[in-house]
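The values are calculated or read from the model by the stated rules, or taken from the named source; none is laboratory data. These numbers come from a predicted model, not from an experiment. Cβ placement follows ideal geometry from the backbone for every residue including glycine, while neighbour counts extend to all protein chains displayed.
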Amino acid sequence: MSARVLVGVKRVIDYAVKIRVKPDHTGVVTDGVKHSMNPFCEIAVEEAVRLKEKKLVKEIVAVSCGPQQVQETIRTALAMGADRGIHVEVSGKDYETLGPLQVSKIMAALAKKEEADLIILGKQAIDDDCNQTGQMTAALLDWPQGTFASELTLEGGKLKVVREVDGGLETIMINMPAVVTADLRLNTPRYATLPNIMKAKKKKIANVKPADLGVDVTSRLEVLNVDEPAQRLAGVKVETVEDLVGKLKESGRI
Amino acid sequence: MALRAKVLRLSLAVNRNLPKTVFCNKRYFSEKSSSNPKASVSTENIDHVLYTEEHFALKSSLRKIIDQEINPYVDQWEEEGQFPAHKIFKILGSAGFLGVNKPVEYGGLGLDFSYSVAVAEELGNINCGGIPMAIGVQSDMATPALARFGSAELKREFLLPSVMGDIVACLGVSETGAGSDVASIKTKAVRKGDEFVINGGKMWTTNGTQADWMCLLANTSDDPSHKNKSLICLPMDLPGIQIARKIGKMGMWSSDTAEVFFDDVRVPCKNVIGQEGMGFTYQMLQFQEERLWGVANILTMMEKVVQETINYTRQRKIFKQPVLNHQVVHFRLAELQTEIELLRSLLHRATALYIKGNDVTKLASMAKLKAGRLARGVGDSCLQYWGGMGFTSGVLVSRFYRDSRLMSIGAGADEVMLSIICKYMDTLPRK
């Protein structure tokens, strides 16, 4: 099969880091804080690499939008098995306000330019939890979408996607080209082995600007304020069920 | 997959249905935002005298393996007095971390020693000293001479599977009667036809109870003691080899240390590494790398202990204030951190010179000397600030206190390091 897969990878604050809100409440502290690839993006890359190992896909292109540092994230994808990378340069204020709408416009433009047959993304990023980019990209391209995928198989030129939904698992068949977003149980990402880390050095990363793709990255949203969640107050223990009902009535809950 | 990582990942999945807050609500918020960001290990395009992007990518990948396959089980393995060497070495070997500076033809990556140092530093993130020590034996103590001087046949039989993590190696040098005085070892290998017959024994053998082969230093002739020894690749399942006992130790509990006896053990003469009689010299050459490796490893551990002490003393209160607020505490920790940085500079300088082909015996010996002594200082001071909690078995600082004491003794005692330095300073008594 000669399919080309586009995989989006996002550089986010590492999941294990203690997040702190900036003193001016405009966002969270990112300077000097450890960043890594979004865990759901890792799962997306792993799925693409497995498809390539099964010879169902010919080339994997890893894409990331952001400043110079996102090249690290692309290199991680290359070390896991992606063939080449595309760094879409967005920095400064544009980067701070970059959101799903802008990224999906970029992904759609790249999908057309690279003649991609499949786009795999993480279902959401762990910093903004938007869960929108995959869906918006599919809509802009007018492609079918298989979101929250926990299983992905190619069957006779179509994609069978098992989706994790509130009621359980839903299986759908969609045509290619399509957009798939990876959920937690799709796979367990491999460790980037040292030989592959060294090989990744030689793989190419192309630089591109949003304007080159005809995309305007101005945001239509303005963040007014960022606050920590309210401190959880201690609970109260009661002795009997009657006490519990009494307290609930007292506070007007029932 | 490790339970902790699984929990974290599952918590990410639950995220979906939670309302309100603008930004990530599944992470842990600190009580107040302090003025400067805490320096978690940042790899953001910083200038580094020794490391490149690849070194950092290597560290990051190795860290994942440690977090998922090793750290969740350390407490259990420390209790059991052993860790599953074959299992862990296979995981590391498959990812390429056991043969970083070994030849490509034998499964290695053919990279320079700075990459080995990066691996050693990252392994310091393991929550005990025993497992990194065991890994170090496998990757940088039992194999360097074999990689440099061994025959192709020997390398195929012993080096390749060791690098791939399929077999476990150990190093047989020290004996009950000879530690610092390597030249006075008694184990003898007598030539009989095309075999050596070995009698004697070895002590302090890390990985000894699990090893498939030993890099053995033995006397192979009656020549003067610096010229009569050879390194031999010894399979550990040969008749006559007896693992006498697993030694109970003050620290490094998860590393099995054995006493081994040889009773007329027969091994082919072709199992000698390189030239017969050159064993002592080869062993000395191995030491430079072994010592720098040990320094790199303990540096990360010392920093971790200092950081954990800061975290603990920040929240622990005495006389209505955090322990950390008392000047003696934060000043002492600053002193320790200063010395850690100094040692790191020495390590990186020695490594940079070494990969250019220089002999760094003096600097490596100085670094090892300092590392052992500093680790004792860090352990002692930090333990003090942990108070009663520091004395309990559930905390990292007490394990570090026990484990790190070995640094001044093993792989060349402090006194041996001092002798080497004095030799270079030309201050030893003249004949």
(request) Can you work out which of the residues in region B:84-107 that are in a helix (DSSP H, G or I) and basic (Lys, Arg) is farthest from B:Arg349 (Cα to Cα)? (result) B:Lys87
(message) Contact list please: Cβ distance under 9 Å, first residue in region B:278-300 and farther than 13 Å from B:Val416 by Cβ, second residue assigned to a strand (DSSP E or B) and small (Gly, Ala, Ser), pairs at least six apart or on different chains.
(response) B:Met278/B:Ser230; B:Gly279/B:Ala218; B:Gly279/B:Ser230; B:Phe280/B:Ser230; B:Tyr282/B:Ser230
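Only one residue in B:Val74, B:Val137 is over 20 Å from B:Leu396 (Cβ atoms) and among the aliphatic types (A, V, I, L, M). Which one?
Details: B:Val74 fails: over 20 Å from B:Leu396 (Cβ atoms).
None of the others qualify; the one that does is B:Val137.
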(request) Among residues belonging to region A:202-226 that are assigned to a loop (DSSP other than H, G, I, E, B) and in contact with a helix residue (DSSP H, G or I) (Cβ under 6 Å, 6 or more places away or on another chain), point out the one that is nearest to the other protein chains (Cβ to nearest Cβ). (result) A:Lys203
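Looking only at helices (runs of 4 or more DSSP H) that fall completely inside region B:324-431, which ones have 3 or more residues that are more than 26 Å from B:Val74 (Cβ to Cβ) and without any contact (Cβ under 8 Å) to a residue 24 or more places away in the chain? Before you say what the answer is, go through the steps one by one.
Working: elements: B:327-355, B:361-386, B:396-404, B:414-425.
Once the helices (runs of 4 or more DSSP H) in region B:324-431 are filtered for at least 3 residues that are more than 26 Å from B:Val74 (Cβ to Cβ) and without any contact (Cβ under 8 Å) to a residue 24 or more places away in the chain, what remains is B:327-355, B:414-425.
Out of B:Val117, B:Val163, I need the residue that is out of contact with any Lys or Arg (no Cβ under 7 Å at 6 or more places or on another chain) and aliphatic (A, V, I, L, M). Which one? Before the answer, list the steps.
Working: B:Val163 fails: out of contact with any Lys or Arg (no Cβ under 7 Å at 6 or more places or on another chain).
Being out of contact with any Lys or Arg (no Cβ under 7 Å at 6 or more places or on another chain) and aliphatic (A, V, I, L, M) holds for just one of B:Val117, B:Val163, which is B:Val117.
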(message) So, in region A:113-164, exactly how many residues are more than 16 Å from A:Gly8 (Cα to Cα) and in a strand (DSSP E or B)?
(response) 13
(message) The conditions are (1) under 26 Å from B:Glu53 (Cα atoms); (2) part of a helix (DSSP H, G or I); (3) among the small types (Gly, Ala, Ser), and B:Gly110 fails exactly one of them. Which is it?
(response) (2)
(request) Working only within region B:301-323, note down all residues that are in contact (Cβ under 8 Å) with a residue 12 or more places away in the chain and of a type in the set (D, E, K, R). (result) B:Glu303, B:Lys304, B:Glu308, B:Arg316
(message) So, A:Arg50, is that one basic (Lys, Arg), surrounded by fewer than 21 Cβ atoms within 10 Å (Cβ to Cβ) and either touching a residue at least 12 places away in the same chain (Cβ under 8 Å) or outside any loop (DSSP other than H, G, I, E, B) (or both) or not?
(response) yes
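Just one of A:Val17, A:Val45 is among the aliphatic types (A, V, I, L, M) and at pLDDT 95 or above; which is it?
Details: A:Val17 fails: at pLDDT 95 or above.
A:Val45 is the lone residue from the list that is among the aliphatic types (A, V, I, L, M) and at pLDDT 95 or above.
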(request) Check whether at least one residue in region A:177-200 is within 14 Å of chain B (Cβ to nearest Cβ), exposed (fewer than 10 other Cβ atoms within 10 Å of the Cβ) and not in a strand (DSSP E or B), and report yes or no. (result) no
(request) Kindly indicate the residue of region A:224-247 that is at pLDDT below 90 and among the aliphatic types (A, V, I, L, M) and also nearest to A:Val21 (Cα to Cα) among those meeting that condition. (result) A:Ala230
(request) Residues being in contact (Cβ under 8 Å) with a residue 12 or more places away in the chain and part of a loop (DSSP other than H, G, I, E, B): count how many of those fall in region A:17-47. (result) 9
(message) Among the residues of region A:58-69, are any part of a helix (DSSP H, G or I) and either more than 9 Å from chain B (Cβ to nearest Cβ) or under 17 Å from the mean Cα position of the chain (by Cα) (or both)?
(response) no
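Only one of B:Phe29, B:Phe23, B:Phe97 is at negative phi, within 8 Å of another protein chain (Cβ to nearest Cβ), modelled with pLDDT of 95 or more and surrounded by 17 or more Cβ atoms within 10 Å (Cβ to Cβ). Can you tell me which? First the steps, then the outcome.
Details: B:Phe29 fails: modelled with pLDDT of 95 or more; B:Phe23 fails: modelled with pLDDT of 95 or more.
After ruling out the rest, the residue left standing is B:Phe97.
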